[in-house]
Amino acid sequence: MLGFVLNTHQQWLCRQLSDAGYSVTRQIAIEDSGPAIQQAVRESLSRADFIIVTGGLGPTSDDITRDLIASLLGKRLHKNAAIAAKLEAFFAQRNRPMPANTLLQAMVPEDALILDNAHGTAPGLAMEVTPNPFRPDGKTSWLVMLPGPPRELKPMFATHALPLLQKHFPLESAYSCLTLRTTGIGESQVEDEISGLLQPLVDDGLIIGYCAHYGWVDVRLVARGHNAEQLVKEGEQMVRSKLHQYIYGTQDEQLHEVIVRLLTERKQTIVTAESCTGGFIANRLTDVSGASAVFLGGVVTYSNEAKQNLLGVKAETLATHGAVSEPVVREMAEGARKRLGADFAIATTGIAGPTGGTPTKPVGTVFIALATPSHTFVINPTNRYDRPTFKIITCQQALELLRRNLLHTSS
């Protein structure tokens, strides 16, 4: 609650639950204090069938969620031998001494289900509250406690929490949803292109959602009832008929993942030569497992000297046109492709700002080049954003330039 840590749990969990067909009726963030935690849990148990609590399961003095919930429900804590043994093994395998307070994570409320943590030390816990003393009719609720770190929370939710929810609270009717991811087109234009076409399906129950991100726009199709799957399928066909060139993936697929997959399928390679993006394109590509099969390497050539020495950009080209120009980015891409021996090379040069702009080359000016075996393509968008957003947008544009070329050459 101090603002030092961004709470991504709520957004991510709500998205996962929504994709599974469940509606989240309430989400709250509270301070790490006993009264606040117990009051929030008490209120949640009085109104909801399934409650997810995140954080506060670790070994430090401010990890008090487990103890407070056990106290609220009148459950005693006991040391679980299997968890304790796993904790000891965790530290032994890493040749590290185990702090004594680590074993606090082995304390489990009586009757609680233990949710194994394959990515950390704090196990999750699930408790069936029946009869529920906080509901007038005593109706059963389930309370699930997940660890705070996202790398532990996300797999535990998918492996344990969601199946538990689906087992005890199955959906009452059929549900279908699909997200189509587009890039190179704005949110308003997306809606203009497809809203009229989809209206008959909307009249039959299809729900359309639009969500703009930095560099891409999601189109979400949702339906419930006996014809849910058919409505979403027909909606997808209509959207693809209008936006096919802009759609790069579905659900949570990222553009850099698509690029690695396409290059892998074609047994082709890519290199990068980056100035204004500072290695961000290479970073995105290497986020993908298996990228080593297609990504040969990259160089960050921020200075003119680096552009000359590492990529072979001509001094006269820099002197005549400046570092931020089409001729320079073209030579950057062609030099990278030739020197590193790849099928494709992406190059970027631009003015991220907030300083450095001129009347002829204002802040946001960027040149992106794609060198291929037969041609070098250059685009010149204007990305007037803050520096981090400038890099994200420019990276997306560069990868999309490559994606469209790959699809064009294969068709």
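The values are calculated or read from the model by the stated rules, or taken from the named source; none is laboratory data. Just so it is clear, the structure is predicted and the values come from calculations on it, not from any experiment. Using ideal geometry, Cβ is built from the backbone for each residue, glycine included, and neighbour counts are taken over all protein chains shown.
Here is how the numbers come out for the structure above:
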read-out: First in the stretch 244-260 and modelled with pLDDT of 95 or more, second anywhere and assigned to a loop (DSSP other than H, G, I, E, B) and small (Gly, Ala, Ser), Cβ under 7 Å, 6 or more apart; value: Tyr246/Gly184; Val260/Gly290
read-out: Qualifying residues in the stretch 226-252 (those that are in a loop (DSSP other than H, G, I, E, B) and surrounded by fewer than 14 Cβ atoms within 10 Å (Cβ to Cβ)) - the one nearest to the chain's Cα centre (by Cα); value: Asp252
read-out: Answer residue from the stretch 78-109, given it is in contact with a helix residue (DSSP H, G or I) (Cβ under 8 Å, 6 or more places away or on another chain) and not hydrophobic (A, V, I, L, M, F, W, C) and is surrounded by the fewest Cβ atoms within 10 Å (Cβ to Cβ) among those; value: Pro97
read-out: Residues of the stretch 159-189 satisfying the condition of being touching a residue at least 60 places away in the same chain (Cβ under 8 Å) and closer than 21 Å to Gln10 by Cα; value: Ala161, Leu162, Leu165, Gln166, Phe169, Cys177, Leu178, Thr179
read-out: Elements of type strands (runs of 3 or more DSSP E) contained in the stretch 67-158, each with 2 or more residues being in contact (Cβ under 8 Å) with a residue 60 or more places away in the chain and assigned by TED's automatic domain parsing to the domain that holds Ala29; value: 124-129, 141-146
read-out: Failed criterion for Gly322 (all others in (1) under 26 Å from the mean Cα position of the chain (by Cα); (2) at positive phi; (3) not acidic (Asp, Glu) hold); value: (1)
read-out: Candidates Leu146, Leu164, Leu153, Leu171 - the one that is surrounded by 14 or more Cβ atoms within 10 Å (Cβ to Cβ) and in contact with a Gly (Cβ under 8 Å, 6 or more places away or on another chain); value: Leu146
read-out: Test for Arg266: is it in contact (Cβ under 8 Å) with a residue 40 or more places away in the chain, surrounded by fewer than 19 Cβ atoms within 10 Å (Cβ to Cβ), more than 30 Å from Ile52 (Cβ to Cβ) and not assigned by TED's automatic domain parsing to the domain that holds Leu406; value: no
